[in-house]
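The values are calculated or read from the model by the stated rules, or taken from the named source; none is laboratory data. Keep in mind that this is a model prediction, so the values were computed, not measured. Note that we place each Cβ from the backbone using ideal geometry, even for glycine, and neighbour counts take in every protein chain shown. For the accessible areas, the whole protein counts, side chains as well, though only heavy atoms, and no ligand, DNA or RNA atoms are used. Shrake-Rupley method; radii C 1.70, N 1.55, O 1.52, S 1.80 Å.
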Amino acid sequence: SVVLASVIDRRFFSEMETQHAQSAFSASNLAPGFSLLAKAEGIEKTRANVRLAVDAGNLKLQQNAADTKTSSADLQKQFADTLSTTTDAGKTAVAMYPDDYQQSLSLAGVYDFLNTLKIDGAYDSAKQYHTAAQTLNPNNPQIALALARLEAAKGNVSDAQTDITRALTLKPNSTDAI
C-alpha cells in the first residue's frame, strides 16, 4: 500500500512537471522547458515526457536551422549536439514503449525535418519510423498522410498517391488529404 502510493505520487509529480515543460515549450521558452523536462524525467520517465523530449528536440533543431544571428560554427555544434540528443532520446523512447505508435511518430517527425534539409539517410529513417507507427496503428489516416508528404518530398509521386488514397480510405472526409 505504501509502495503503491509512492509510485502514484512519483508518477503524478512527473506528469505535473511534464505539463509545465509542455507549457514552456508552447510559449517558445526552450531553456526553462528543457529544465522542467529534465526534472520530470528525473522523477520518472513516462510515455509523455520521453515523447516530449523528442518533440522539443525537434523544435530546437528547427530553431537552430532558422537562426541567422549565431555564428555558423556555434550553430553547427548546437545542431549536432541537439540532433544526437534528440535521436538518442527518440530511439530510447521507441525501445521503452515499443507498443506506442506515438513514440515512432515523434522520431519520424525529427527525420522528416532532417529530410527537408536534404540530410543523408533522413528519408530512409523517416520512412522506417513512419512505417513502424503505421504498423502499430494501421487505421490512423494522419500517418498515411505523413508518409504521403515524405514520398512527395522525395519525388515519389506514385507512392505519395497510394498513401493519400489510403488516408482517404481511412477517413473519406479528410480535408488534409485533399
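So that you can scan it fast, the table gives a plain yes or no per residue for (1) surrounded by fewer than 20 Cβ atoms within 10 Å (Cβ to Cβ); (2) of a type in the set (S, T, N, Q):
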position: K118; (1), (2): yes, no
position: Y129; (1), (2): no, no
position: N137; (1), (2): yes, yes
position: N156; (1), (2): yes, yes
position: D163; (1), (2): no, no
Take the conditions buried (at least 19 other Cβ atoms within 10 Å of the Cβ), of a type in the set (A, V, I, L, M, F, W, C) and at pLDDT 95 or above and apply them to L105. Does it pass?
yes
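Determine if the stretch 49-57 includes at least one residue that is under 16 Å from the mean Cα position of the chain (by Cα) and β-branched (V, I, T).
Of all residues in the stretch 49-57, those under 16 Å from the mean Cα position of the chain (by Cα) come to 49-57.
Of the ones still in play, those that are also β-branched (V, I, T) are 50, 54.
Yes, because at least one residue in the stretch 49-57 is under 16 Å from the mean Cα position of the chain (by Cα) and β-branched (V, I, T).
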Some residue of the stretch 125-142 being among the basic types (K, R), modelled with pLDDT of 95 or more and in a helix (DSSP H, G or I):
yes
Which condition number in (1) within 28 Å of T46 (Cβ to Cβ); (2) open to solvent by 80 Å² or more (accessible area, probe 1.4 Å); (3) without any contact (Cβ under 8 Å) to a residue 24 or more places away in the chain is the one that A95 fails?
(2)
So how many residues does the stretch 98-110 have that are more than 9 Å from the chain's Cα centre (by Cα) and free of Cβ contacts under 8 Å to residues at least 40 places away in the same chain?
2
Residues of the stretch 20-77 satisfying the condition of being open to solvent by 70 Å² or more (accessible area, probe 1.4 Å) and not in a helix (DSSP H, G or I)
S28, N29, K45, T68, K69
Collect the residues in the stretch 1-28 that are modelled with pLDDT of 90 or more and of a type in the set (S, T, N, Q), keeping them in residue-number order.
S14, T18, Q19, Q22, S23, S26, S28
Going residue by residue through the stretch 95-116, is there one that turns out to be within 22 Å of A56 (Cβ to Cβ), in a loop (DSSP other than H, G, I, E, B) and touching a helix residue (DSSP H, G or I) at 6+ places or on another chain (Cβ under 7 Å)?
yes
